[in-house]
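Asker: Quick one: the structure is below, and I'll ask about it shortly.
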Amino acid sequence: MQVAAKVGALDARYCVRFQRVNGGSIPILSWQSTITQAVPNGRFATTTFTNVFEFDYALDEEETRGWLAGVQDTRVIVGSPLVTIHPDIMGYVGGYYQWPNNWKFTGRAGVQIFGGAQFLNLVSVSSFTQPIVRLDLDRMDDNDNRLFGVTAQMMWVPKPAYQLTLRTPLYFARN
């Protein structure tokens, strides 16, 4: 289990990964589940549940390059019955390449389907389907743990929207 802290939120991540046996050529299936809750927890505070199922097919034994395919399901629960946010589901395909100096580039392209949102019966956000592109550049250690990462994500809602995220994990270790 990895636990990561965000400013103003609690974030717990659980990751299960099914590996190849004896260097076989079957894909790796990863499942990552994330629960994020706003702090402090007020009347309109949100809790977000995200599940990612991803197939990873490595093209070499060192797993430095390969193909990806996955599905991400995100559900947001608001602490008030006045607001309803419907699920967001994204399907994607992509690939990755890791250089010998442990920099790793990953690219994904896919389609995102948002179910819409409702505030009382007055304000409604319509559901929509949009293309999405995500590019990751990560610095990895020798055990393939992320040391630092930057993500650029582009969406069309209906005009282009961009998001840039800088990431560094917090690891808790006990001696």
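Asker: How much FRET efficiency would the formula 1/(1 + (r/R0)^6) give for ASN102 and PHE49, where r is the Cβ-Cβ distance and R0 is 35 Å, rounded to 0.05?
Answerer: In this case the efficiency is close to 0.65.
Asker: What list do you get for MET140, MET154, MET90 if you sort them by fewest beta carbons within 10 Å?
Answerer: Placing the least packed residue first, the sequence is MET154, MET140, MET90.
Asker: Still on this structure, please answer the following. Taking the inverse of the average 1/r across all pairs of different Cα atoms in the chain, what Kirkwood radius in Å do you get?
Answerer: Value: 18.1 Å, from the Cα pair sum.
Asker: Let me ask something else. Can you tell which of GLY91, GLY79, GLY42 shows the greatest fluctuation in a Gaussian network model of the chain with Cα springs below 10 Å?
Answerer: Of GLY91, GLY79, GLY42, the Gaussian network model singles out GLY42 as fluctuating most.
Asker: Say we join alpha carbon atoms closer than 10 Å with springs in a Gaussian network model of the chain; which of ASN143, ASN51, ASN41 then has the biggest fluctuation?
Answerer: Fluctuation is largest for ASN143.
Asker: Can you tell me the relative contact order of the range 2-167? Whole percent, Cα pairs under 8 Å, sequence separation 6 or more. Let's see the in-between values first.
Answerer: Details: 407 pairs, mean separation 19.8, N = 166.
It rounds to 12 percent for the range 2-167.
Asker: Could you put ILE132, ILE35 in order, starting from the residue whose Cβ has the fewest other Cβ atoms within 10 Å?
Answerer: Fewest to most other Cβ atoms nearby, the residues stand as ILE35, ILE132.
Asker: If you wrap a convex hull around the C-alpha atoms of the range 123-175 and split its volume per residue, what is the figure in Å³?
Answerer: Here the figure is 142 Å³ per residue.
Asker: Return the single residue from PHE53, PHE44, PHE105 with maximal mean-square fluctuation; model: Gaussian network over the chain, springs between Cα atoms under 10 Å.
Answerer: The residue with the greatest mean-square fluctuation here is PHE44.
None of the figures in this text is laboratory data; all of them are computed from the coordinates on show. The structure presented is a predicted model; accordingly, all values stated were derived computationally and were not measured. Positions of Cβ are generated from backbone atoms using ideal geometry, with glycine treated the same way; all protein chains shown enter the neighbour counts.
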